[in-house]
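Please treat every number below as a calculation from the coordinates, not as lab data. All figures in this text were calculated on a predicted structure; none of them were measured in a lab. Cβ placement follows ideal geometry from the backbone for every residue including glycine, while neighbour counts extend to all protein chains displayed.
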Amino acid sequence: MGQETLKTALLLNAVDPRVGGVLVRGEKGTAKSTAVRALVAILPEMDVVEGCRFSCDPADPGSWCGECRDRREKGKLPKTSRRPYVIDLPVSATEDRLVGTLNLEHALKHGERIFEPGMLAQANRSILYVDEVNLLDDHLVDTLLDSAAMGVNTVQREGIEFSHPARFILVGTMNPEEGDVRPQLLDRFGLCVEVEGVREPESRVEIVRRRRAFEEDPSAFARHWMDSEDELRVSLKHARLRLPSIDLADDVLFAIADLCGRMGVDGHRADLVMARAAAAHAALDGRTTVEASDLHTVAPLVLAHRIRKTPFHDETYDEDRVLSTLRNSFSSSPESDDGHSSNTGAEGGPAVGAQAPSRFTTTSSSAEEPDPVAAVAALDAPMDAARRSMSGRRQETISSDGRGRYSRSEPARAGSTDVALDATIRAAAPHQSTRDGAMAINVMPADVQTKVRKRKVGATVVFCVDSSGSMGASDRMDAAKAAVLDLLVDAYQRRDRVGLVSFRGDDAEVVLAPTASVELAQLKLKNIPVGGATPLAAGMVRSLEVLEGERRRDSDVVPWMVLVTDGRANVGLNGGLGSEDARAVAVRVRSAKVRVVVIDTGSGPRSVSGARDIAAAAGGEYIRLQSLDGSAVAQAVRARLASD
């Protein structure tokens, strides 16, 4: 019921798996998983080599695994038919479960290393489904996408070297509230669909009715929709046969390239995916020529997750802008006057979905092209981005305290106690035929493997806020308090904690100890006094003490100090000079490997800014906001956290 865009994206991949899979983003309870599983019911049966562990296609010798090639040299390959599968990859999957590993039983019995296929082998020529793909280990997502792009899984581990076909439709679903996929991986998904629940009461009622009908009599429900499924299955089969003959004219290719260029898309993957998706859509629509209507349909799916985003301007897919760009691209195409396109189906009649005889039809009432230049952000270009190279992403890290889930194994080091029994046995198994001993499995010290555990970690962000009597103190404090509350709204999903230190007079105080509680922050931040001198060094020392305490609590935490000040320090430590002591403490903060962002609230020239000097000494990032408000500060900090 509904979700037409999602169904279109899935069908395009079913016609041509080279489109690159689908990333489905949406709120809970919107039938994301149901749609994926329903796709299998309409996929045509496929021929497979009987007995092949990788479901090789008997009609495509170029894609055969080594085992099928060996069998073919000895005689004919028997074949059989079956439906594709949906292979579920759990978030907790390990690398060996995904790519394959040593066949332990065979190694123990015969002392030989042979390959035990993983989930990529099971998914060959089928659907690989990953729910909550945003929570999957990055290296597993990399492996998935590499295999999907190459069509081959190559394994080199535990003394095994093996390759097999891995051509599958990759479908990942996610709830954005639980965290996003990093941009480098996002681009690797061919298509992206945003889904949301149906709002109209009539449609919601119909969803309930259909669900109840299915629960009361699943067989009767299936029979009711059998004719529609058969019709779609036949259409899909014909589209696959039609695909090799699809014509991609030069003006269509020019329009694709021009559109991707104007939309500021990085690289060329979007161009390739759009060409394949447009061809698949034309084939599904019963035509052999790609038209503007095909690009109109697939452009949102290809570009929605590839529009370049800057830290302070969240560019989003703008349909009016894309339609206008497509219109201009076709009109400026070198072959725009050839008139090759038509709204005619393969059988001579009107094509499915044909709307008008014109080359391009738009639903937008605006005839003007929106300005492709993004609006000026509220932040000046970052100055002095002297960022430290700190390895690892804050969202997930190798655990140093034995906590977290078992991700992979490695050879044991001195003092290691977290033994990976499965990996240890696999390492010892091939050597059993040459070892003497009374044990069923004789393990030597060199065989012992330990677990590498990973766990999600968050950041601890301490706002160090200048509440002295200098100009704009109240504005600084109001902006910082609003930013703290803003960041805490989504702190639970990022495992972040946020605190605030205020400095004024001759000292600094912890107003809000690091917390993930919005309620506690609202209570603690109500009334914070302002006025007095500027003990910048004391504020940084107190903030550093708070962060070091957090690191003692959790050694994997990522510490951040956000300094909100005009940099005019006039009170030092123990009677010292304010500016010199502040720079000395900044160097100490840098040595402690604390990430620093300095938000300059001063009004003087940047070249003489004390805040800029502090940022340089701390090895942090210096920025100056045109408008000091909580939203802008929170956005600045959130962008830095996301890029870490």
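Taking a ≥ b ≥ c as the square roots of the eigenvalues of the Cα gyration tensor, segment 459-643 is classed as rounded, since a/c falls below 1.5.
For segment 120-125, 3J(HN,Hα) computed residue by residue from phi via the Karplus equation (6.51, -1.76, 1.60; θ = phi - 60°) reads 5, 5, 5, 7, 4, 6 Hz, glycine and proline entered as x. Note on LYS524: lysines with a C-alpha under 23 Å away, same-chain residues under 8 apart excluded, are LYS481.
Along segment 546-555 the Karplus relation, 6.51 cos²θ - 1.76 cosθ + 1.60 evaluated at θ = phi - 60°, assigns HN-Hα couplings of 5, 5, 5, x, 5, 5, 5, 5, 8, 5 Hz to successive residues, with x for each Gly and Pro. Relative protection proxy for 122-128, 616-622, 41-47, from highest mean packing down: 122-128, 616-622, 41-47 (other beta-carbon atoms within 10 angstrom).
Where a ≥ b ≥ c are the square roots of the eigenvalues of the C-alpha gyration tensor, would you call segment 1-155 rounded, which needs a/c under 1.5, or, failing that, prolate if a/b is larger than b/c, or oblate? Numbers along the way, then the final one.
Numbers: a/c = 2.37, a/b = 1.41, b/c = 1.68.
It comes out oblate by the Cα gyration axes.
What is the Cα centroid distance between segment 38-64 and segment 104-173, reported in whole angstrom? Using only Cα atoms, the two centres lie 17 Å from each other.
With a 10 Å radius around each residue's Cβ, average the other Cβ atoms per peptide and rank 215-225, 419-429, 18-28, 234-244, highest first.
Numbers: 215-225: 11.1, 419-429: 19.9, 18-28: 21.8, 234-244: 15.7.
Output ranking for 215-225, 419-429, 18-28, 234-244: 18-28, 419-429, 234-244, 215-225.
Take 631-639, 260-268, 560-568, 292-300 and order them by the average number of nearby Cβ atoms within 10 Å per residue, most first; the result is 560-568, 292-300, 631-639, 260-268. Distance between Cα centroids, segment 186-241 to segment 497-523: provide it in whole Å. The distance from the Cα centre of segment 186-241 to that of segment 497-523 comes to 51 Å.
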